[in-house]
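A.B. asks: Okay, handing you the structure first.
The values are calculated or read from the model by the stated rules, or taken from the named source; none is laboratory data. Keep in mind that this is a model prediction, so the values were computed, not measured. Using ideal geometry, Cβ is built from the backbone for each residue, glycine included, and neighbour counts are taken over all protein chains shown. What goes into the accessible areas is simple: the full protein's heavy atoms, side chains included, and nothing from ligands, DNA or RNA. Shrake-Rupley method; radii C 1.70, N 1.55, O 1.52, S 1.80 Å.
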Amino acid sequence: MMSGIRWLLGKIILFLDWLTSPREPVHAAARQAELDAQTANMSIYQYAACPFCVKTRRAIKRLGLNMELRDAKNDPEYRLELEQQGGKQQVPCLRIEEDGGITWMYESSDIIAYLNRRFGDQT
């Protein structure tokens with residue numbers, strides 16, 4: 001019964017996300033190439049119908065960022081990587097590789113604030 005309710009709510013969340021999806025900004029080619037280079041070392045571990053993941057993906061789209069999305073629910077490799085390397089099986093999680101190290105950032109609000117600070121003022 002509960003799994004049926006969760007399934008239905010997930011479908012509703014995905015439909016509403018599709019219906020109200022924000023527009024991606026149109027960046028100049030040079031700017032988009034710069035953003036792509038800066039986000040090449042970032043990935044988001046997420047579940048498709050998780051409301052917090054939807055919120056994070058919408059912020060990524062609003063900023064015009066191309067970032068790898070890793071489905072930690074349906075891909076056992078990503079789920080294991082998230083748990084073993086990140087320390088917990090919580091989504092969304094932003095994985096940032098820079099300066100020879102890896103940072104795992106949890107909490108949608110923290111991730112969105114970081115992305116806005118790093119990329120929002122420049123767009």
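A.B. asks: Could you tell me whether any residue of segment 20-43 is modelled with pLDDT under 95 and among the hydroxyl-bearing types (Ser, Thr, Tyr)?
C.D. replies: yes
A.B. asks: Out of all the residues in segment 98-113, which are at pLDDT below 95, charged (D, E, K, R) and open to solvent by 80 Å² or more (accessible area, probe 1.4 Å)?
C.D. replies: ASP99
A.B. asks: A further question follows. From (1) under 22 Å from PHE119 (Cβ atoms); (2) modelled with pLDDT of 90 or more, pick out the condition that doesn't hold for ASP71.
C.D. replies: For ASP71, the failing item is (1).
A.B. asks: Would you pick out the residues in segment 58-76 that are among the charged types (D, E, K, R) and more than 22 Å from ALA29 (Cα to Cα)?
C.D. replies: Just the residues of segment 58-76 that are among the charged types (D, E, K, R), to begin with: 58, 61-62, 68, 70-71, 73, 75.
Once the filter is applied, which keeps residues that are among the charged types (D, E, K, R) and more than 22 Å from ALA29 (Cα to Cα), segment 58-76 yields ARG70, ASP71, LYS73, ASP75.
A.B. asks: Still on this model: Assess whether PRO22 counts as being open to solvent by less than 30 Å² (accessible area, probe 1.4 Å) and under 15 Å from the mean Cα position of the chain (by Cα).
C.D. replies: Against the criterion (open to solvent by less than 30 Å² (accessible area, probe 1.4 Å) and under 15 Å from the mean Cα position of the chain (by Cα)), PRO22 qualifies.
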